[in-house]
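Take a look at the structure below.
Bear in mind that the values in this text are calculations on the coordinates, not laboratory data. Note that the structure is predicted; figures quoted are calculated from it, not measured. Cβ sites come from the backbone with ideal geometry, for glycine too, and all protein chains shown count toward neighbours.
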Amino acid sequence: MSEMCKTAVIGDSASVSGFAALGLSVFRETEAEKISKLIHRLAANGFGVIYITEPAAALADEAIKKYRSRKLPAIVLIPAIDGNTGEGMRGLHRAVEKAVGSDILN
Amino acid sequence: MARLNVNPTRMELSSLKKKLASAQRGHKLLKDKRDELMRQFMNLIKENKQLRSEVEAGIAEANRYMAVAGSVMQREALETALMLPKQEVELEVSEKNVMSVYIPVFSPKYRTGDTDDIYSYGTAFTSVDLDGAILALSEIFPKMIRLAEIEKACQLMADEIEKTRRRVNALEHIMIPDYQETIKYITMKLSENERSTTTSLMKVKDMVLNQSHNFN
């Protein structure tokens with residue numbers, strides 16, 4: 001089974017503009033409600049991978065959680081232009097904690 | 001442990017014995033599944049961590065260039081330069097089955113054959129830092145795709161491991177002991193019944209003999 005899907009980037013303008021040159025669909029969005037709606041809309045419209053900046057992801061936690069246990073889309077946190085909050089790495093630690101029972105990374 | 005609420009009959013006993021056997025087989029299988037999932041998860045999570053640090057470093061570099069580009073160029077000029085991308089990327093999604101966890105596999109397909117063909121603007125009116133930012137992003141992009149794939153795999157596997165562990169524990173600590181205790185209870189009850197029948201028969205026999213022959 002194989003199908004084609006698109007790739008999106010969500011975040012503030014400065015952080016995500018560069019991705020447009022690579023051919024990704026860029027969405028400049030910084031309001032919590034709009035981000036959640038956008039995520040749902042993208043998930044329903046054949047986007048397979050959604051990169052989202054950490055500050056934007058913090059605003060749409062519920063929407064992201066919803067897709068965590070589904071096969072698609074994969075929502076990946078990336079650092080925004082004003083620095084890395086470490087949230088992406090924390091997500092990794094959470095997965096380890098869930099699977100193993102305690103955080104054994106490091 | 002709680003005994004199950006069943007009638008102490010031979011039929012129940014044999015059906016419980018069958019259930020116990022299949023619970024024990026299921027327990028063994030699920031335990032193996034959990035161990036194998038865990039082994040694969042540990043490999044993946046190591047790669048995931050490594051990949052994430054690389055991607056975050058790459059994006060940070062691109063962001064540094066972008067910040068400089070943003071400060072030397074006008075915002076509008078920057079947006080205009082990136083408005084019409086030359087390149088377009090689509091992902092071909094296939095799936096891989098790891099211990100009955102279906103994880104997606106992405107392979108990128110570019111619109112133009114040349115993956116370096118990324119600059120959607122002339123170089124006359126744009127800052128060199130914008131080129132740097134885009135180059136850095138395009139270098140890290142294959143890794144970003146792999147990261148998406150592997151991070152999804154880790155999340156799905158973590159879910160599955162948790163579920164499998166719960167099942168293993170429920171079988172090991174609740175269902176199997178319950179069955180064993182109930183089977184023991186029924187066996188005891190049945191042999192108790194048998195003994196009581198034997199004794200009452202002996203008693204009856206004594207009484208009958210006594211009546212007919214005056215034996216003692």
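Between residue B:25 and residue B:60, full extension at 0.36 nm per residue minus the direct alpha carbon distance yields a gain of 7.5 nm. Here each label is just a point 7 Å from Cα along the line to Cβ, and for residue B:128 and residue A:32 those points are 4.5 nm apart.
Take each residue of peptide B:95-105, count the partner chain Cβ atoms within 10 Å of its Cβ, and average: the result is 2.
Amide H to amide H distances under 5 Å link residue B:86 with B:120, where only residues 5 or more positions off or on other chains count and H is placed in the peptide plane. Among complete DSSP H helices in chain B, those whose alpha-carbon atoms stretch at least 20 Å along the helix's long axis and whose mean Kyte-Doolittle hydropathy reaches -0.5 are B:128-170.
If you keep only loop residues by DSSP, which GluC sites (Glu not before Pro) in segment B:1-89 have at most 16 other Cβ atoms within 10 Å of their Cβ?
Working: sites: B:12, B:36, B:47, B:54, B:56, B:61, B:76, B:79, B:88; in loops: B:88.
Of the GluC sites (Glu not before Pro), the ones in loops of segment B:1-89 whose Cβ has at most 16 other Cβ atoms within 10 Å are B:88.
Distance between the 7 Å Cα→Cβ label points at residue B:189 and residue A:41: 6.4 nm.
Among the listed pairs B:31/B:109; B:31/B:152; A:71/B:143; A:66/B:46; A:65/B:31; A:66/B:19, those whose Cα-Cα separation exceeds 31 Å are B:31/B:109; A:66/B:19. Can you give the net charge of the other residues whose Cβ lies under 13 Å from the Cβ of residue A:86, counting K and R as +1 and D and E as -1? Overall, the nearby charge balance is +1. Charged side chains reduced to their Cβ positions (Lys and Arg at +1, Asp and Glu at -1) give segment A:1-50 a dipole of some 100 debye around its Cα centre.
Calculated from DSSP H runs of 4 or more alone, at -39500 (n - 2.57) each and per residue, what is the 222 nm mean residue ellipticity of the protein assembly as shown, nearest 500? Before the final figure, lay out each step's value.
Values: 9 runs with 200 residues, N = 322.
It lands at -21500 deg cm²/dmol.
Ordering B:168, B:128, A:49 by the number of other Cβ atoms within 10 Å of each residue's own Cβ, fewest first, gives B:128, B:168, A:49.
Note on chain B: with charges restricted to the Cβ of Lys and Arg (+1) and Asp and Glu (-1), its dipole about the Cα centre is near 2200 debye.
What nm distance separates the two modelled labels at residue B:159 and residue B:205, each placed 7 Å from Cα along Cα→Cβ? Placing both labels 7 Å beyond Cα along the Cβ direction yields 6.8 nm. Using a 7 Å offset from Cα along Cα-Cβ at residue B:4, what residues in segment B:178-214 end up with backbone N under 17 Å from the label point? Once the point is set 7 Å along Cα→Cβ of residue B:4, B:178-190 turn out to lie under 17 Å by backbone N, inside segment B:178-214.
Can you compute the FRET efficiency between residue B:97 and residue B:15 using 1/(1 + (r/R0)^6), with r the Cβ-Cβ distance and R0 = 25 Å? Round to the nearest 0.05. All intermediate terms of the calculation are to be shown ahead of the outcome.
Details: r = 34 Å, r/R0 = 1.38.
So the FRET efficiency works out to roughly 0.15.
Which percent, nearest 5, of DSSP beta bridges in the protein assembly as shown are antiparallel? Each step should come with its number before you reach the end.
On the way: 15 of 29 bridges.
Counting DSSP beta bridges with both partners in the protein assembly as shown, the antiparallel share is about 50 percent.
The residue list B:106, B:16, A:14 was ranked by how far each Cα lies along the charge dipole of the protein assembly as shown toward its positive end, using unit charges on Cβ atoms, and B:16 comes out on top. To the nearest ten degrees, helix A:87-100 and the longest principal axis of the Cα atoms of chain A are 40 degrees apart.
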